[in-house]
Structure formats: C-alpha cells, structure tokens
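What follows is a set of notes on a single structure, which appears directly below.
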Amino acid sequence: MGTVHARSLEPLPSSGPDFGALGEEAEFVEVEPEAKQEILENKDVVVQHVHFDGLGRTKDDIIICEIGDVFKAKNLIEVMRKSHEAREKLLRLGIFRQVDVLIDTCQGDDALPNGLDVTFEVTELRRLTGSYNTMVGNNEGSMVLGLKLPNLLGRAEKVTFQFSYGTKETSYGLSFFKPQPGNFERNFSVNLYKVTGQFPWSSLRETDRGISAEYSFPIWKTSHTVKWEGVWRELGCLSRTASFAVRKESGHSLKSSLSHAMVIDSRNSSILPRRGALLKVNQELAGYTGGDVSFLKEDFELQLNKQFIFDSVFSASLWGGMLVPIGDKPSSIADRFYLGGPTSVRGFSMHSIGPQSEGDYLGGEAYWAGGLHLYTPLPFRPGQGGFGELFRTHFFLNAGNLCNLNYGEGPKAHIRKLAECIRWSYGAGIVLRLGNIARLELNYCVPMGVQRGDRICDGVQFGAGIRFL
C-alpha cells in the first residue's frame, strides 16, 4: 500500500516536451551510473520541509510526533529509510487507508543546495466503516460484525461496536481506544460488553455484563497491560441433567478485579513459529475494589522454538497457574482453570481433566501442562515453495495435571499433589497454518495416565485455534 519515491538530486531541465530539449547538454546529462549512484548514496543532505497532502480531520500534533525522525536523516539512504519508518507509523495509527511518500529536491528562495522536501500523500479513512469477518478461537468459530468510527477527534481515537455470534459464545461490545501521541504502544481503552457463553463440559451457561478500563505500555523489551474490570456474572445450568455441584454454583455474582499482564515475545510468528521465545505472566486480584468475589490468581505461559536441519522446528511449552481464594468463600466455577483438549493436553476431550461431579467438570485451582513438539516438512515436500509450505508434519508429547490444593499445607505438599496422577499423551499428525489468523491440527493421539472420570479421545482428534500448548 504505497511506495517511497526518490527523485534525482540534480534538477532536470525545465523546457522541452519530456525532460527538456537537451541539445548541446546531452553529454552532461548522461552521467555514468556508478558515479550517479555514489552521489545519491553518499551526499550529505538536509530535510528542509515535510509536507502532507490529503489531511482532513487529522490534527497536526499527532502527525508531527510520527514523522519527527525524518528531519534527523543525514544522507539520502537515511531519508528513504526514515521516511519508510514514518509511513509505517502513520499506517499503524489506523486512520489512513493509504500513505505514499515522495522525496524531491527542495525548491524556493530558502532552498539549500543539498536540501530535500519530503511529501506524504495520505488518504484518510471514512468517518464510519464497517466490517464482516470470521474468527477462530480455541476449538470454536464465530462470525463478527463491526462498526468503527476511526480518528473520531482527530488524534487517532477510535470507537468500535462489535457483535460476535459463535458456536459457543455470543457477545457484543462498545469500546473507546486512544493512543498516546508519538508512542502508539502506550494506549488507553474503555470497554462495555455483554458475553453469553455455553460450556457443555460443565453443563454451564454464563452471562457476563461488564465494564473494563486498561492501560498498555512498553518497558524495555516487555509489554505491560494494567486493567480494572467490573462484571456482573449470571451462572445457570445448560441442561436439566446438570449435577448438583453445578446447580449450587448457579446465581448472580459481582466481580471487581485488578489485573496485570506482562509479555515478552520474540517469535517470528504467533501461529506456527520457527524461532524465538514467548513469556507471558498474568496476575489478577479480585475483591479489594468491591464485589462479592475475592481471590488471587496467577498464571504463566512459556514457549521456546528452535529451527534445526532439514527445515525442522523443535518447540517446548510450559503452562501453569494457581488460584487462591481470599476469605471463607470457596472459588467460583467461572474463575477456575480447565485442562484437556486438542489445544492443550491432546488425546483428552475438551476441558475434561480433573475434578468432576456426575460427568460435569468443575475445574481446578492449580494446574500445569507441558509439551514437546517436532514440526517437519511434509514427506517428499509436495508443493514446495507454494501451498505445501502451509502444512507441517507434527510429532508431540504432552503432559499435565489439574487439581485443588489444601492451602493449609506447605509448598512440598502442593508440589506432591500436582505430581500425582499425571495425564500424558503422545502422537503425530498434520498442521495447517491459516495465514496469521489461526492453525488447524489433525492428530492421531494415544492418551496415557488416564484417571477415573477423565474423558479421552483415543485416535484421531481435530483442533482449531490460535493458542496451543
């Protein structure tokens, strides 16, 4: 979308039908390519002016913050590079449909011999835009309709209304987003939403109505998000055969929580990475800002990826988490962890590991899960360099456990409890990467360490999602 154009630093003759009637100056114009290239790359230049064509409702201050580095360029190569970086920053604001860059020699009475003008030709988005798309979650899909008011107040603010209808969840929400001028990674957002979800593994239906405010900011190589959320939750039974333990959880609750998330991500892709690492740590504290739900919740995700010979990739993942109720009230089924399924411990049915009552899975207050994976190209490399590159052969070994802890005991007892009754599985299959949207897996799984009450999927298992163990 758009290009960077650089014209010659030597002005061309102004007369003539095309480039001027050269006449006797023909020998002067035909400069040797190597000499001309040296002039373009090594000549010191000064960016005197930066122009914008096509601005309408966008304010000047938000633009100035994004293009300031262009004036620091010292030669033509730097001017082109910094202009391209500024173009990417402008597109990232989400207020322009197209941005083109034109670099030319400076004209006018104040023009220096080595002066340059940089012009950004922009096309702003319309005041109201709509979208329709499909999304893939963890073993579920949804249709999404959206309306957006981009650049509402002229400084990259955005108001979005979104409706989503999925196989297990229906939601709609209204959000306001505002970035900090000159630092898009620092941004503030407010969300109003209603979400209704069905969880057949627990015979549970949950409806959340809430409001949240969050602030995101970078620190060195880490990204942080601080969030407050207030939500009115309504739990009910999905069927008349729901267990008594689930019926006992039914009713209304009000949760007010503060949370913090830290992410370090050096992977080349979030869907099917070939190299890099991911560390994600989340903390949530509920009850100290109101509501009738009180707990402290911690969880983390670690992933390492290494590319080997023959275009193969080795990947190792580790997840873990713990929920500690505060006060005498037990934890809610809506706040606990769940484990099992094609996106976590393969070979087990969705969220079908751990405590259960009459076939309804109740979740646990502590868990861990780990996985070792080897991804290789398809045998004989069909479609090499084209469509075949989207497929990978997959060999895996997964393990994990989910349980409730007695917090009156010490850490050694907790570790011993988590090390008991480990479920694990191994197998092989095929992975299909759907661009940067999601990935599909078709695996043959052999579940091991099965405990009483676990629901297994022995044999072929299909999975779709964006987050896999």
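The values are calculated or read from the model by the stated rules, or taken from the named source; none is laboratory data. This structure is a prediction, so every number in the text was calculated from the model and none was measured. For neighbour counting, all protein chains shown are included, and Cβ atoms are generated from backbone atoms with ideal geometry for every residue, glycine included. Accessible surface areas use protein heavy atoms only, side chains included; no ligands, DNA or RNA. Shrake-Rupley method; radii C 1.70, N 1.55, O 1.52, S 1.80 Å.
With a 1.4 Å probe and all protein chains left in place, how much of the accessible area of the chain comes from carbon and sulfur atoms, in whole percent?
Reported share for carbon and sulfur atoms: 59 percent.
Determine, at each q value in 0.07, 0.09, 0.10 (inverse angstroms), the log₁₀ of I(q)/I(0) that the Debye formula gives when each Cα of the chain is one equal point scatterer.
With one equal scatterer per Cα and no solvent, log10 I(q)/I(0) is -0.52, -0.79, -0.92.
Could you list which residues have their amide H under 5 Å from that of SER294, counting only those 5 or more apart in sequence or on another chain, with H placed in the peptide plane?
Amide H to amide H, under 5 Å and 5 or more residues apart or across chains, SER294 pairs with ILE326.
Stretched out fully, how many nm does the piece from GLU185 to LYS412 gain, at 0.36 nm a residue minus the Cα gap?
Result: 77.6 nm gained on full extension.
When the convex hull of the C-alpha atoms of segment 335-392 is computed, what volume per residue in Å³ does it have?
Cα convex hull per residue, to the nearest whole number: 119 Å³.
So for PHE380, PHE188, what's the accessible-area order with a 1.4 Å probe, most first?
The ordering from most to least exposed comes out as PHE380, PHE188.
Taking a quarter of the surface of the Cα convex hull of segment 46-124, what do you get in nm²?
5.0 nm²
Amide H to amide H under 5 Å from ARG455: which residues, 5+ apart in sequence or cross-chain, H placed 1.01 Å off N in plane?
SER349
With all distinct Cα pairs included, what does the Kirkwood hydrodynamic radius of segment 198-344 come out to in Å, to one decimal, could you say?
17.8 Å
Roll a 1.4 Å probe over the protein chains and send me the accessible area per residue for the chain in Å².
That works out to 53 Å² per residue.
Please report how many Lys pairs in segment 148-268 have alpha carbons closer than 28 angstrom, counting only residues at least 8 apart along the chain or sitting on separate chains.
Final tally of qualifying lysine pairs is 22.
Helix 76-92 against the longest principal axis of the chain: what's the angle in degrees, Cα atoms only, rounded to the nearest 10?
Roughly 40 degrees, rounded to the nearest 10.
So what are the three principal axis dimensions of segment 192-267 from its Cα atoms, in whole Å, longest to shortest?
52, 27, 18
What chymotrypsin sites (Phe, Trp or Tyr not before Pro) in segment 244-331 are in a loop by DSSP, with at most 16 other Cβ atoms within 10 Å of the Cβ?
Hits after loop and neighbour filter: PHE308.
Measure nothing but the geometry: give the 0 to 90° angle between the long axis through the Cα atoms of 33-42 and the longest principal axis through the Cα atoms of the chain, rounded to 10°.
That helix lies at roughly 60 degrees to the long axis.
Give me a comma-separated list of calculated 3J(HN,Hα) values for segment 299-310, in order, Karplus coefficients 6.51, -1.76, 1.60 applied at θ = phi - 60°, integers in Hz, x for any Gly or Pro.
Result, rounded to whole Hz: 8, 9, 9, 10, 9, 10, 10, 9, 8, 10, 5, 6.
What FRET efficiency comes out for ASN139 versus ASN75 if R0 is 35 angstrom and r is the Cβ-Cβ distance? Round to the nearest 0.05.
So the FRET efficiency works out to roughly 0.05.
If exposed GluC sites (Glu not before Pro) are those in a DSSP loop with at most 12 other Cβ within 10 Å, what is the longest stretch of the chain that has none?
With a cap of 12 other Cβ atoms within 10 Å, the longest stretch comes to 31-357.
I'd like the distance between the alpha-carbon centres of segment 363-380 and segment 240-309, rounded to an integer number of Å.
18 Å
List the residues whose amide H sits under 5 Å from the amide H of VAL46, counting only those 5 or more places along or on another chain, with H placed 1.01 Å from N in the peptide plane.
Residues meeting the amide H criterion: GLY115, LEU116.
Can you run phi through the Karplus equation (6.51, -1.76, 1.60; θ = phi - 60°) for segment 437-454 and list ³J(HN,Hα) in whole Hz, with x for Gly and Pro?
Values per residue, Gly and Pro as x: 9, 6, 9, 10, 10, 10, 10, 9, 10, 10, x, 9, x, 5, 9, 4, x, 5 Hz.
For the pair ILE326 and GLN384, how long in nm is the line joining their label points, each one 7 Å along Cα→Cβ?
5.9 nm
Suppose only helical runs count, i.e. DSSP H with n ≥ 4. What mean residue ellipticity at 222 nm does that imply for the chain under -39500 (n - 2.57) per run, divided by all residues and rounded to the nearest 500 deg cm²/dmol?
-3000 deg cm²/dmol
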